[in-house]
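Participant: One structure is given below, represented as C-alpha cells, and several questions about it will come after.
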Amino acid sequence: MKAVVLVGGEGTRMRPLTETTPKPLIPLVDRPGLAHVLDHLARHGVHEVVLSSPYLERVFHPFIAARHGDPAITWITETEPLGTGGAIVHALAALGDEPFFALNGDILTDLDLTAMRAFHDERAASVTIALHRVEDARAFGLVETDAQGRVQAFKEKPEQPVPGDVNAGTYLLDPAALRSWTADRSISIEREIFPEVIAAGHPVFGFPGECYWMDLGTPEKYLQAHRDMLGGRVRGLAYDAPWIAVDADVEAGATIGPSCAIGAEARVADGAVILDSVLHPGASVAAGASVRSSILGAGAHVGAGADVRGCVLGAGSRVPDGMSVVDLKVPTDGEAAVA
C-alpha cells in the first residue's frame, strides 16, 4: 500500500513558526507532526509514502534522512505550487496502478484506514473521501451523500452555523480516475478533480469514520491537539501529562501544567509558571516568568518576570525581562515590544 502526504502549504496562519519550519515539521509533543502521520500510515499497512513541497524543501531533507522503517519515503521535487490536486497528479508515476491513500499532512487523526480500505473495496469505488461530522460547518463546506454513501455534491461554506459532514482531508484514490489530468498548473482536488470525476459517472463515496480529527492550521487548534493528545483522547498515542523531554531542564521550583509539552533542551527556571503551552526545543523561560496559552518556537526566550499570554514566539525571538505581552506574534529572531 502506498500514500501521498500533502505537505506543500506555507502555513500562513501558523506564522511566525512557519517562517523557518514547514507546518508538517512543527513539533507535536515529542516529534514532528509529519512523523505522527507517517506512523499512523505504517500502523495500517502503508509501506511507501510520496512527499513533495515547493516551500522550504531543504528543511524536509534532514527529517527524511533521519527517518527509518515503514513507510519508506520518496521525495519528488515540486518547483512551483501545484495545489492539492496537482501534487497528487504529479506523484502518480511513483504510485503504480493500485489504489493509494492521499492525505493532508497537517491533520491529526486516528481514522481507521484499514476499515476505509475495506469500505472502498466493497463498493468498487474510484474515490473514497473520509468524512468528519461537525456541528458548525462554516469553516469547511459540506459534502452531500445519498443513503448509500455515494457523494452527490460539494457545497460551499454555509453562512450560518449548520451541522454536517465535511471533507476530512484523507482520500483513497484509484489512479485510473486521475490519468486524464496533468500536473502543469495548480489544481484543487476538492473543487476541480472530484466534481469532474463525479460528473464522469465514476463511483465516489464518503466514508463516515468515527474518529478523532483535528486540523492543525491555527495556534488555537495546535494547542487543543496537545490537550487532546496529553489527555488520552487520540487512539494509539499515550503520553505522561505534562510531557517533558528527558533532556529538558526544568528546575524544581517551576510549575508546569498538565497540558504542556516541554521540548528537548528547553529550560524552565525556578518560579516560572507554564500553563496550557508548548515549548519547542531549546526554548527557555527565566525565573518568575509566566507563560499561558502560548507557543514558544525553537530557541525563543522569555525573560525573568515576564508575562506571556496567548502569544506565538518565532524561533530565536525574545521577550525582555518584566514585559507583559498578550495575543502577540513575535517574528523569527525578533524582540517583543509593546505598542
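The values are calculated or read from the model by the stated rules, or taken from the named source; none is laboratory data. Note that the coordinates shown come from a computational prediction; the quantities given were computed from them, not determined experimentally. So basically every Cβ, Gly included, is an ideal-geometry build from the backbone, and we count neighbours across all protein chains shown. Calculation scope for accessible area: heavy atoms of the full protein, side chains included, ligands and nucleic acids excluded. Shrake-Rupley method; radii C 1.70, N 1.55, O 1.52, S 1.80 Å.
Participant: For the range 173-224 and the range 63-126, write down the distance between their C-alpha centroids in whole Å.
Facilitator: 11
Participant: Okay, next question. What dipole magnitude, in Debye to the nearest 20, does the range 70-227 give about its Cα centre under +1 on Lys/Arg Cβ and -1 on Asp/Glu Cβ?
Facilitator: 160
Participant: I would also like to ask the following. Relative to the longest principal axis of the C-alpha atoms of the chain, give the angle of the C-alpha long axis of helix 113-122, reported between 0 and 90° and rounded to the nearest 10°.
Facilitator: Helix 113-122 and the main axis of the chain meet at about 10 degrees.
Participant: Modelled label-to-label distance, ASP30 and THR182, 7 Å Cα→beta-carbon offset: nm?
Facilitator: 4.8
Participant: Per DSSP H run of at least 4 residues, take -39500 (n - 2.57); add these up for the chain, divide by its residues and hand me the 222 nm value, nearest 500 deg cm²/dmol.
Facilitator: The per-residue figure over the chain is -5000 deg cm²/dmol.
Participant: Then there is this: To the nearest 0.05, how large is the calculated FRET efficiency for THR12 and ALA252 if R₀ is 41 Å and r is the Cβ-Cβ distance?
Facilitator: The value I calculate is 0.55.
Participant: Let me ask another. What FRET efficiency, computed as 1/(1 + (r/R0)^6) with R0 = 51 Å and r the Cβ-Cβ distance, is obtained for ASP97 and ASP327, rounded to the nearest 0.05?
Facilitator: 0.50
Participant: Pop out the carbon and sulfur fraction of the accessible area of the range 252-332 as a percent, whole number, probe 1.4 Å.
Facilitator: The C+S portion of the solvent-accessible surface of the range 252-332 is 54 percent.
Participant: Tell me, what is the percent relative contact order of the chain, built from C-alpha pairs under 8 Å that lie six or more residues apart?
Facilitator: Computed over the chain, the figure is 14 percent.
Participant: Something else: Subtracting the Cα-Cα distance from 0.36 nm times the residue separation, let me have the gained length for ALA118 to GLU135 in nm, one decimal.
Facilitator: Fully extending the segment from ALA118 to GLU135 adds 3.4 nm.
Participant: Picking from SER284, MET1, ALA248, whose Cα lies most toward the positive end of the charge dipole for the chain (charges on Cβ: Lys, Arg +1; Asp, Glu -1)?
Facilitator: Highest projection toward the positive end goes to SER284.
Participant: What accessible area per residue comes out for the chain, rounded to a whole number of Å², with a 1.4 Å probe?
Facilitator: Accessible area per residue: 43 Å².
Participant: Roughly how tilted is helix 33-43, in degrees to the nearest 10 and between 0 and 90, from the longest Cα axis of the chain?
Facilitator: The helix 33-43 is inclined about 50 degrees to the chain.
Participant: For ALA264 paired with HIS47, estimate the spin-label separation in nm (one decimal), with each label point 7 Å from Cα along the Cα-to-Cβ line.
Facilitator: 3.0
Participant: Another question, if that's okay. What nm distance separates the two modelled labels at ALA304 and ASP240, each placed 7 Å from Cα along Cα→Cβ?
Facilitator: The modelled label-to-label distance comes out at 3.0 nm.
Participant: Kindly provide the trypsin sites (Lys or Arg not before Pro) of the range 121-173 that DSSP labels as loop, not H, G, I, E or B, and whose Cβ sees at most 15 other Cβ atoms within 10 Å.
Facilitator: Qualifying residues, ordered by number: ARG138.
Participant: If you restrict to DSSP beta bridges whose two residues both lie in the range 1-123, what percentage is antiparallel, to the nearest 5?
Facilitator: Within the range 1-123, antiparallel bridges account for around 15 percent of the total.
Participant: Here's something else I'd like to know. So what's the angle, to the nearest 10 degrees on a 0 to 90 scale, between helix 57-66 and the longest Cα principal axis of the chain?
Facilitator: Between helix and principal axis, roughly 90 degrees.
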